[in-house]
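The values are calculated or read from the model by the stated rules, or taken from the named source; none is laboratory data. Computed from a prediction, not measured in an experiment: that's the story for all the values here. FYI the Cβ positions are ideal-geometry reconstructions off the backbone, even for glycines, and counts take in every protein chain you see. Quick note on the areas: whole protein, heavy atoms, side chains included, nothing else; ligands and nucleic acids left out. Shrake-Rupley method; radii C 1.70, N 1.55, O 1.52, S 1.80 Å.
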Amino acid sequence: MSTLSNTSTSGATVKRLALGTVALGAATLGYAVGIERHHWTLRTAELPVLAPGSRPFTILHISDLHMLPSHKAKQRWVCALNELNPDLVVNTGDNLSHHQAVPSVIRALGPLLDRPGLFIFGSNDYYAPKPKNPARYLMPRGKKKKILGVQLPWRDLRAAFVEHGWTDLTHVRRTIEVAGQDVFAAGVDDPHLHRDRYADISGPADHTATVRIGLSHSPEPRVLDTFATDGYDLVLAGHTHGGQLRIPGYGAVVTNCELDRSRARGASRWGARMWLHVSAGLGTSPYAPARFACPPEASLLTLVPRGSGTPGTQKPAQRKARNTVR
């Protein structure tokens, strides 16, 4: 009798654990799909990258909107970012997820398009997303076959950005004026699709500018290394979605590129002199509409002189950037 009783009790325990696991998984998925992916967040960071004696200015970094025409609430949230009064807006690509989404992107950016702006494109500006096996993100990159959807109207989006005065930095070097100071900037096409041609912009960055900024949709180390070699102070990128699904205490599971997991979002040093800022982005693929421990975000970056001690910075500015989220 005791053997039968123990067996019955053990079976009931296993069943309860299984049911609890299923319930927890369902609740987590429900939160990731129904709540967190709509929890748009502003990340702030202070980066000591300007020439000594320069006046600080702000950059609003927007990436990975993955816009659908139905994303009305996201469009309103992005449009309201104009209230931050950024001195410069930088868009690092993957704006589209639908062939009719260009008007939605323009509506979302709204008054931000009247400010100085720089942009490059990512894979989901050129091609629509397609369903993919999630397990492929865990495979070695060299074994992945690119899965590209139908072509998207990126030329229309580019024309709208340029018409509003934003500068396309795709394989271009430019000096623009921001807050009365010269900003030297250059960008490459999406390295994730191997469209980057850094040779087109190679060479020392302008040392007379207040700051030198590079743009790349995917933060591939091979591209970051070349920017660093040419003397850039800061590179802005997106693509990683911050990992999109993060494990508390562990961080991003994958970055979908060669960048290490610890740099999947936010600010970090790259080499001895250059800073990297990776936006976790504001959207997801419509075929993977979930985020966990990684809310969608835009970033307001305050650029300050190198070596300056600024209010609220807990450690010397030349060694560490301050990241906050609200």
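Can you tell me which of Gly281, Gly231 is at pLDDT 95 or above and open to solvent by less than 20 Å² (accessible area, probe 1.4 Å)?
Sole residue among the options that is at pLDDT 95 or above and open to solvent by less than 20 Å² (accessible area, probe 1.4 Å): Gly281.
When we screen Leu138, Leu193, Leu148 for residues that are at pLDDT 95 or above and either within 22 Å of the chain's Cα centre (by Cα) or surrounded by fewer than 16 Cβ atoms within 10 Å (Cβ to Cβ) (or both), the only hit is Leu193. Residue count for segment 206-219, restricted to those that are in contact with a Lys or Arg (Cβ under 9 Å, 6 or more places away or on another chain) and either aromatic (Phe, Trp, Tyr) or surrounded by fewer than 21 Cβ atoms within 10 Å (Cβ to Cβ) (or both): 1. Restricting Arg222, Arg269 to residues that are surrounded by fewer than 16 Cβ atoms within 10 Å (Cβ to Cβ) and part of a strand (DSSP E or B) narrows the list to Arg269. Please determine whether any residue of segment 237-246 is surrounded by 19 or more Cβ atoms within 10 Å (Cβ to Cβ), out of contact with any Lys or Arg (no Cβ under 6 Å at 6 or more places or on another chain), without any contact (Cβ under 8 Å) to a residue 40 or more places away in the chain and under 29 Å from Pro56 (Cα atoms). No, segment 237-246 contains no residue that is surrounded by 19 or more Cβ atoms within 10 Å (Cβ to Cβ), out of contact with any Lys or Arg (no Cβ under 6 Å at 6 or more places or on another chain), without any contact (Cβ under 8 Å) to a residue 40 or more places away in the chain and under 29 Å from Pro56 (Cα atoms).
The set of residues from segment 247-266 being in contact with a strand residue (DSSP E or B) (Cβ under 6 Å, 6 or more places away or on another chain), open to solvent by less than 10 Å² (accessible area, probe 1.4 Å) and either of a type in the set (S, T, N, Q) or assigned to a loop (DSSP other than H, G, I, E, B) (or both) comprises just one member, Ala264.
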